[in-house]
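Since the structure comes first, as structure tokens, the remarks are kept for the end.
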């Protein structure tokens, strides 16, 4: 599999309700920029096509295509499914817009481990896989369509029904950091972002 930007689509998941935050998460400022711009910058470094999964036309200043969920109200699966159908490439890197501490090295690792798999998800050590940050093949949309028809919207359930791989992230890897998968869901979570981040 390639490990450069050629023929890779980045999907920024930005369709959450932000209920626990109390306001739109993407508009929160961290350091000198908005929260969503950090994961977007990671995707821009490894992808030659970017799709933004959102029905919000006002938040994002970028000119990338905005893809509204075809099936609404089913969580992240709805956003990934809709974007996979619009993707130009078989390799798709998905990243939630509220995960600011990810780095390009992680996605290069996932791509290098993706040969022959429909889904490749990272996990920190023996922790649980991170479905909001991973590689999804475009052909995985077919399985998602079947699951949606069964009203099964859990992304982790896909691992049992597809050729999937979990990549364990350990301290000896370039991409490792203990807070790698920090997810900003509440104002309390903002306190866990390193004070120097984004400066």
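Laboratory data are not the source of any read-out in this text; all were calculated from the coordinates shown. Nothing here was measured: the structure is a model prediction, and the numbers come from that model. Reconstructed Cβ throughout: ideal geometry from the backbone, glycine too, with neighbour counts over all protein chains shown.
Worth a mention:
- Three-way shape call for region 8-190 based on the alpha-carbon gyration tensor, with the a/c threshold at 1.5: rounded
- Compared with the alpha-carbon gap, the fully stretched path from residue 171 to residue 41 is longer by 44.4 nm at 0.36 nm per residue.
- Note on residue 195 and residue 160: their simple-model spin labels are 4.6 nm apart, each label 7 Å out from Cα toward Cβ.
- Share antiparallel - DSSP beta bridges, the chain, percent rounded to 5: 30 percent
- Extension gain, residue 187 to residue 56: 0.36 nm times the residue separation minus the Cα-Cα distance gives 45.0 nm.
- Adding -39500 (n - 2.57) for every DSSP H run of four residues or longer, then dividing by how many residues the chain holds, sets the calculated 222 nm ellipticity at -6500 deg cm²/dmol.
- Distance-filtered residues of region 74-114 - backbone nitrogen under 13 Å, label point 7 angstrom along residue 48 Cα→Cβ: 88-91
- Ranked for footprinting exposure by Cβ neighbours inside 10 Å, fewest first, 42, 71 give 71, 42.
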